[in-house]
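To keep things clear, I will list the structure first and then write my remarks on it.
The values are calculated or read from the model by the stated rules, or taken from the named source; none is laboratory data. No experiment lies behind these values; they were computed from the predicted model shown. Neighbour counts run over all protein chains shown; Cβ positions are idealised from the backbone, glycine included. The protein model used for the area step is the full one, side chains on, heavy atoms only, and it has no ligands, DNA or RNA in it. Shrake-Rupley method; radii C 1.70, N 1.55, O 1.52, S 1.80 Å.
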Amino acid sequence: MPTFSTKSLAKLATCDQRLRQVAHEAIQNFDFSVIAGHRNKEDQDKACAAGFSKTPWPTSNHNCIPSRAMDLAPWPIDWKDVERFKALARCVLAVAEKLGIKIRWGGNWSTNADDPLSSAFIDMPHFELIGD
């Protein structure tokens with residue numbers, strides 16, 4: 001069974017308890033790394049400058065303490081393997097639904113195809129809480 005590395009656990013520890021719960025359940029079925037949880041101003045500015053985020057400090061869900069967002073990547077990481085990111089998303093979203101935790105995935109911001117966010121910015125590693 002896959003387990004989290006020390007680095008992944010440290011990043012996950014910065015996340016909201018509900019995201020931690022989803023991740024700990026999902027890792028039992030799919031091997032992945034936690035790339036980011038909370039981002040401070042410097043990290044958020046770097047993510048925006050590199051094109052990995054469209055949300056400036058302090059308005060990203062990554063900027064909350066605890067973080068309301070986490071970035072995950074299938075292990076071993078291949079940033080070009082879109083199908084593995086989709087498979088990870090299916091696993092994470094199924095776990096969240098099972099646990100009654102409302103999250104959305106940055107690879108498909110909305111189930112409404114007419115929603116401009118659904119195709120405006122694809123962020124395959126990103127998962128965030130919705131609602132309270």
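Values computed for the structure shown
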read-out	value
Long-range neighbours under 6 Å by Cβ, at least six apart or interchain, first residue farther than 15 Å from R104 by Cα and modelled with pLDDT of 95 or more within segment 47-76, second charged (D, E, K, R) and loosely packed, with under 13 Cβ neighbours inside 10 Å	W57/K41
Pairs where the first residue, in segment 89-100, is in contact (Cβ under 8 Å) with a residue 24 or more places away in the chain and the second is surrounded by fewer than 17 Cβ atoms within 10 Å (Cβ to Cβ), C-beta under 7 Å, 6+ apart	C91/N29; L99/Q21
Residue in segment 43-53 that is within 24 Å of G131 (Cβ to Cβ), out of contact with any Phe, Trp or Tyr (no Cβ under 9 Å at 6 or more places or on another chain) and of a type in the set (S, T, N, Q) present	no
Contacts under 9 angstrom Cβ, first residue in segment 5-34 being without any contact (Cβ under 8 Å) to a residue 12 or more places away in the chain and more than 26 Å from E83 (Cβ to Cβ), partner hydrophobic (A, V, I, L, M, F, W, C) and open to solvent by less than 50 Å² (accessible area, probe 1.4 Å), 6 or more apart	A10/V34; R20/L12; R20/M70
